[in-house]
Structures are given as C-alpha cells and as structure tokens.
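K.L.:
Structure incoming, see below.
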Amino acid sequence: MKTSYICIISYIIMFGSLLLFPFYKKQILAKMGNCVHIKTKKKSPLSLIIYVLCFVIVLLELFRKLSLSMNLMISGCAILGVFIITKEIVLYSLNGIYQNGVICNSEVVYYSDIMSFPVLQLPKNEQANYDSSFLVVSIGRKDNINLCYKDEDECKSVLDAMLSICPSLQKLLN
C-alpha cells in the first residue's frame, strides 16, 4: 500500500517537473535577452530512453517487495533523472550567444558572472596544454565552467562575439 502511494507521488512530481520546464525556459530567455547567434542545437537520442527508464523504474516498485527506504531512494533517483534530462533538453534547445550571456550544452553563463578566463590568461606555451575547443570561464558561484564547442574556430567565434557584446570582458583577458 505504501509503495503505491510512493509511486503515485513520484509520478505526480515527475509530470509536474515536465510541465514546469516551459516556464523555466521562458525565465532563462527573459534573463538572457535577445539571441545574437544560435549555435548548433544538439539532440540526445538517449533522452527518450532515459525518460522511459525513469518511469519504468518507478513502475517496477509496484511489482517488487522492497523496504520503504529503498522505494523512496529509487523514486528519488527516478525523479532526479527526469529533472536532469528535462533541464538538459531545454538548455540544448537554447544553445547560443545572447545579449546577457551564453548557453552552451547544459551550462548557462551570464556575462556579469564571469570573473576570468583562466586558460586564456596563461602564457601561450602553457595554453597549448589545453584543448582549444574549450572555453574555460571562472564565475563567482563555481570554480570553472568548461564551455565545449565542436572545434577551435567555433570557440574563437564565441569568444569574439562575447567580447563584442560585452566589452568589459576584454579587461579579463589581460
């Protein structure tokens, strides 16, 4: 009996998170401003599989006799899985350069949060040790965020666009 309640609550939370993500998308777009340049939109073929597995895992709880703590743990993992993959899908659809920041894969970076470009501040010979398709930014709330692009040219074009949109970032390169 407890298991069925846990499953029902889990499904309500998972469907609720799916329904709330369009509002999350609107909120991010409002903060980011107009899109200056859209980058390659990635679609993960595994997303649908992960969704299905998360819902099936919760359903399997009904057929297995597990302890309450185990049911809660499994349901929590499934809810977290749905939340993470939904966030990733939403942000992948928004990849690009905006007036107030950059969205790359599942990372949202606002220009106002950028503290430095750690790799670009290194001497040229040391920069060669790092992958040139990554733009590493240091922001206040985390250490470093790696913005991954398909090649060095795309990475440089993003950096140039960032510097042209927000000239105050230029002082961080010196």
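K.L.:
Failed condition for F83, given (1) under 27 Å from D153 (Cβ atoms); (2) open to solvent by 90 Å² or more (accessible area, probe 1.4 Å); (3) not aliphatic (A, V, I, L, M), with all others met?
P.N.:
(1)
K.L.:
Next question, about the same structure. Here's a check for you: in the stretch 10-50, which residue that is in contact with a Ser or Thr (Cβ under 8 Å, 6 or more places away or on another chain) and hydroxyl-bearing (S, T, Y) is most open to solvent (accessible area, probe 1.4 Å)?
P.N.:
Once the filter is applied, the top-ranked residue is S17.
K.L.:
Also, I was wondering about something else. Please list, ordered by first then second residue, the pairs with beta carbon atoms under 7 Å, 6 or more apart or interchain, first in the stretch 18-37 and part of a helix (DSSP H, G or I), second hydroxyl-bearing (S, T, Y) and open to solvent by less than 100 Å² (accessible area, probe 1.4 Å).
P.N.:
L18/T86; F21/T86; M32/Y98
K.L.:
Give just the number: which of (1) open to solvent by 20 Å² or more (accessible area, probe 1.4 Å); (2) modelled with pLDDT under 90 does C77 not satisfy?
P.N.:
(2)
K.L.:
Mind telling me which of the residues C7, C54 ends up being over 23 Å from the mean Cα position of the chain (by Cα) and open to solvent by less than 40 Å² (accessible area, probe 1.4 Å)? It would help to see each step written out before you state the result.
P.N.:
Numbers: C54 fails: over 23 Å from the mean Cα position of the chain (by Cα).
On inspection, the qualifying residue turns out to be C7.
K.L.:
Looking only at strands (runs of 3 or more DSSP E) that lie completely in the stretch 50-154, which have at least 3 residues being in contact (Cβ under 8 Å) with a residue 40 or more places away in the chain?
P.N.:
Strands (runs of 3 or more DSSP E) meeting the threshold: 96-98, 101-104, 107-110, 114-116.
The values are calculated or read from the model by the stated rules, or taken from the named source; none is laboratory data. In this text the structure is predicted, and so the values were computed from the model without any measurement. Note that we place each Cβ from the backbone using ideal geometry, even for glycine, and neighbour counts take in every protein chain shown. Note: areas computed on protein heavy atoms with side chains; ligands, DNA, RNA excluded. Shrake-Rupley method; radii C 1.70, N 1.55, O 1.52, S 1.80 Å.
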